[in-house]
Amino acid sequence: MALNMDANEGGLFYRRLGIKRVINASVWATGLGGSISSPAVLKAVDDASRWFVDMDELNRKAGEVIARHTGAEAGLVTAGAAAGMLLEAAACMAGSDPAKVHRLPDTTGMKNEIVIQWAHRVNYEHSFRAAGAKLVQIGNINGAEHWQLEDAITENTAAVAHIFARSQHRALPFPKVVEIAHRRGVPVIVDASGMLPPPENLRRYIEMGADMVAFSGGKGLRGLQSTGILCGRRNLIEAAYANSSPNSDAIGRAAKVSKEEIAGLITALELFVQTDHRAVLASWRDRCQYIVAALQDIPGLRAEVAEATPELEEFYSTSPRALVSFEKSWRGPTLEEVSTQLRDGDPSIRVASKEVPGTIVIFVATLQDGEEEMVAGRLRQILTTHSGHSR
Ligand SMILES: *Cc1c(COP(=O)(O)O)cnc(C)c1O
């Protein structure tokens, strides 16, 4: 079965609207369309679009599949990890009490504080606030101490949040957070949006004691861009569902998931767990090597492979990348000029130029078959034309 679509055969719709193709070498970025689903996922979407169904029944059955693959007691398909975080907060504050569900984001009379470490603060915490939660920060640039977490947990604490994203540098380790929170009877809610693959992470945080975990469906899982997974304890997932669509008097109603999206997400999840990720990782590494090899002989330029280091528990570390930077002797275009020229071409090539200072990060997991050649070719052209080096 084909895992990938042929990018060269698509795009009729975009052309009709006069929209440029983008080669995404930056990350599973929402601003670029999230991820590209495999043919089986899109077939499931088409198939699911032909019947009406009882959405309660569909949500429950889909939740059972999620539970099976995450090892959690229960699961729910959400409108992305951000919606998962909104529902995590809503579930921990309002539970399934219809009066409280109705009242959100007004949290009067509810525990409404979510404790979060300084190192974990990300834009997506907006989802917690959107549900009505108040964030209580612990720690600073120097890290967080276990006594700070102990001290921040009060009778108003609804949950402790743990974000696996950019930086775990000096963050309190997850097992310690779980231990302290649970000793105080407080649930731990996790954002692991971008932590798939590796597939082991589907079960990992639940096994380590997380009460709820949110994943993106539209990143490494390759479901539709607008989907996500929430999994965790049965009573909390039931509360999340009470706070979400199809309930029309709920904070999560504005983050509805369609029957087609559920079909796509569940199919993507099933494909994901069947995939040989060692082979996928090896193919990503090959793409990095190809790009690095194509640039190797340009004087004044450093091109290297950054290996996947998932033990770091940080977003970028889950896959290998190609890194390009300049030696002091470099007299060609600046990094900004290179990334602007890549962006302004057709197709437009997007790389990550701000993630690592002084470095262009070429993220290859989002490339489609053969696109590494286009990225390498265009980069070589830009880098050699300006430096006066002949190809
Ligand atoms: C992408 C991301 C999210 C949001 O995920 P969506 O599935 O796009 O809603 C949340 N947290 C982090 C750290 C992310 O990188």
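The values are calculated or read from the model by the stated rules, or taken from the named source; none is laboratory data. What you are looking at is a predicted structure, and each value in this text was computed from that prediction instead of being measured. Don't worry about glycine lacking a Cβ; one is built from the backbone with ideal geometry, like all the others, and counts go over all protein chains shown. The area values use the complete protein model at the heavy-atom level, side chains included, leaving out ligands, DNA and RNA. Shrake-Rupley method; radii C 1.70, N 1.55, O 1.52, S 1.80 Å.
Applying the Kirkwood pairwise sum to the alpha-carbon positions of region 39-274 produces a hydrodynamic radius of 17.5 angstrom. At each listed q (0.13, 0.18, 0.19 Å⁻¹), what is the log10 of I(q)/I(0) that the Debye formula gives for region 137-281 modelled as equal alpha-carbon point scatterers? The calculated log intensity ratios at q = 0.13, 0.18, 0.19 Å⁻¹ are -0.68, -1.14, -1.21.
Given in Å, the Rg to one decimal and the Dmax to the nearest whole number for the Cα atoms of region 247-340 are 20.6, 63.
Compute the projected area of the convex hull of the Cα atoms of region 75-180, averaged over all viewing directions, and report it in nm² to one decimal place. Show your work: numbers first, answer last.
Working: hull surface 27.8 nm².
Its average projected convex-hull area is 7.0 nm².
With a simple spin-label model that places each label point 7 Å from the Cα along the Cα-to-Cβ direction, the separation between THR275 and ARG234 comes to 3.2 nm. Averaging the Cα positions of each part gives two centres, and for region 137-196 and region 209-224 these lie 19 Å apart.
As a test of understanding, state the convex hull volume per residue of region 302-391 from its alpha carbons, in Å³. Spell out each step's value before the answer.
On the way: hull volume 9.2 nm³, N = 90.
Cα-based convex hull of region 302-391, divided per residue, equals 103 Å³.
Applying the criteria of a DSSP loop state and at most 14 other Cβ atoms within 10 Å to the GluC sites (Glu not before Pro) of region 185-275 yields GLU200.
If you roll a 1.4 Å probe over the chain with all protein chains in place, what percent of the accessible area is carbon or sulfur? Let's see the in-between values first.
Values: 9240 of 18270 Å².
Exposed carbon and sulfur together represent 51 percent of the surface.
Across region 39-274, how many lysine pairs, 8 or more positions apart or on different chains, have C-alpha atoms separated by under 16 Å? Please give the number. If you can, show how the numbers build up before the last one.
On the way: LYS43/LYS259; LYS61/LYS259; LYS100/LYS111; LYS111/LYS134.
Lysine pair count for region 39-274: 4.
Computed over Cα pairs, the Kirkwood radius of region 1-137 leads via Stokes-Einstein (0.890 mPa s, 25 °C) to a diffusion coefficient of 132 µm² per second.
The average projected area of region 233-391, computed from the convex hull of its Cα atoms over all directions, is 13.0 nm². Annotation for region 308-383 versus region 1-60: alpha-carbon center distance of 25 Å. Note on the chain: helix-only mean residue ellipticity at 222 nm, from DSSP H runs of 4+ residues weighted -39500 (n - 2.57) and normalised by residue number, equals -11500 deg cm²/dmol.
Quick one: of the DSSP bridges fully inside the chain, what percent are antiparallel, nearest 5? The partial results should precede the final answer.
Numbers: 22 of 42 bridges.
Of all bridge pairs located within the chain, approximately 50 percent are antiparallel.
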